[in-house]
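Below you'll find the structure, written out as structure tokens, and then a few comments.
The values are calculated or read from the model by the stated rules, or taken from the named source; none is laboratory data. What you see is a predicted model, and the numbers here were worked out from it, not measured in a lab. Neighbour counts run over all protein chains shown; Cβ positions are idealised from the backbone, glycine included.
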Amino acid sequence: MTEILCKNEDETRVFAKNLAGIIKRGDVIVLSGDLGAGKTKFVEGFLEHYNLQEEISSPTFTIVNEYHNPLIDIYHFDLYRVNDIYEFENIGGEEYFERGICIFEWGELIEDILPEDYLKISFEKDEINDNIRKLILEPVGNKFSEVNFEEFIPRRKRLKILFVKG
Ligand SMILES: Nc1ncnc2c1ncn2[C@@H]1O[C@H](COP(=O)(O)OP(=O)(O)OP(=O)(O)O)[C@@H](O)[C@H]1O
Ligand SMILES: [Mg+2]
């Protein structure tokens with residue numbers, strides 16, 4: 001388990017963009033956390049890795065949004081309005097797992113039928129500062145167990161101080 005602190009939405013976006021570099025076809029990511037926790041913001045950053053972010057929209061009413069380019073197929077699910085696993089199975093949900101990269105908002109609903117290996121990311125809002133989110137990364141199964149997620153933390157801009165000899 002790794003905890004990453006994102007001090008603003010850009011840090012969440014860039015973290016997701018950096019992480020996307022190691023996620024491959026057939027991989028599954030589950031995002032959980034309250035309304036407004038930053039799950040869709042994360043997906044936006046993830047899509048940036050593939051230059052697909054301009055088309056982002058919330059799939060709240062469609063269950064799944066698809067993003068394609070010659071390199072990858074990304075399926076972005078929002079299961080908030082899905083009642084149970086049967087409803088997910090009825091839309092052929094399980095068939096998506098192997099087709100590309102699947103990212104699930106509110107994915108804990110289908111925990112029982114998820115593949116053996118997936119990456120779970122929980123988003124927690126800060127109680128005091130509304131711009132801060134804690135991302136808790138938990139690899140389920142072996143696939144992501146050796147990953148050092150801290151590598152993907154965006155580098156904060158450092159203040160450069162120039163000493164001018166005079
Ligand atoms: N550090 C941060 N990371 C991500 N989002 C942040 C952060 N700080 C503030 N925000 C704001 O929080 C909101 C997150 O909204 P977002 O749609 O990503 O949430 P969500 O988890 O997808 O919610 P829902 O369950 O309703 O789909 C955005 O308005 C974003 O600007
Ligand atoms: Mg969302």
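Under 9 Å by Cβ, and 6 or more places apart or on different chains, what pairs join a residue from segment 1-19 that is among the acidic types (Asp, Glu) with one that is within 7 Å of ligand 1 (Cβ to nearest atom)? Pairs that qualify, where the first residue is among the acidic types (Asp, Glu) and the partner is within 7 Å of ligand 1 (Cβ to nearest atom), are Glu9/Gly38; Glu9/Lys41; Glu9/Asn131; Glu9/Arg133; Glu11/Arg133.
Residues in segment 76-104 that are surrounded by 13 or more Cβ atoms within 10 Å (Cβ to Cβ) and either under 21 Å from Ile23 (Cα atoms) or within 16 Å of ligand 1 (Cβ to nearest atom) (or both): how many? Step through it out loud before you land on a result.
Of segment 76-104, the ones surrounded by 13 or more Cβ atoms within 10 Å (Cβ to Cβ) are 76-80, 82, 85, 87-89, 91, 93-94, 96-97, 99-104.
If we keep only those that are either under 21 Å from Ile23 (Cα atoms) or within 16 Å of ligand 1 (Cβ to nearest atom) (or both) too, we end up with 76-80, 82, 93-94, 96-97, 99-104.
Adding up the residues that qualify gives 16.
Can we say Asp27 is out of contact with any Lys or Arg (no Cβ under 6 Å at 6 or more places or on another chain), acidic (Asp, Glu) and within 13 Å of ligand 2 (Cβ to nearest atom)? Let's see the steps before the verdict.
On the way: out of contact with any Lys or Arg (no Cβ under 6 Å at 6 or more places or on another chain): yes; acidic (Asp, Glu): yes; within 13 Å of ligand 2 (Cβ to nearest atom): no.
So Asp27 does not fit the description; no.
Among the criteria (1) touching a strand residue (DSSP E or B) at 6+ places or on another chain (Cβ under 6 Å); (2) more than 14 Å from ligand 1 (Cβ to nearest atom), the one Arg133 does not fulfil is (2). For first residues located in segment 34-46 and free of Cβ contacts under 8 Å to residues at least 12 places away in the same chain and closer than 15 Å to Phe15 by Cα, partners that are more than 8 Å from ligand 2 (Cβ to nearest atom) and part of a loop (DSSP other than H, G, I, E, B) and lie 6+ apart or on another chain with Cβ distances below 8 Å do not occur. Going residue by residue through segment 86-102, is there one that turns out to be farther than 18 Å from Phe15 by Cβ, of a type outside the set (S, T, N, Q) and within 16 Å of ligand 2 (Cβ to nearest atom)? Yes, segment 86-102 has at least one match.
Among the residues of segment 109-145, the ones that are in contact with a Lys or Arg (Cβ under 7 Å, 6 or more places away or on another chain) and aliphatic (A, V, I, L, M) come to 2 in all.
If Ile63 satisfies all but one of (1) within 15 Å of the chain's Cα centre (by Cα); (2) on the phi > 0 side of the Ramachandran plot, what's the number of the condition it fails? Result: Ile63 fails condition (1) only. Consider Glu3 carefully, then state whether it is out of contact with any Pro (no Cβ under 9 Å at 6 or more places or on another chain), outside any loop (DSSP other than H, G, I, E, B) and closer than 26 Å to Lys125 by Cβ. Criteria met by Glu3.
Taking the condition within 11 Å of ligand 1 (Cβ to nearest atom) and either closer than 19 Å to Phe152 by Cα or modelled with pLDDT under 95 (or both), does Leu31 pass? Yes, satisfied.
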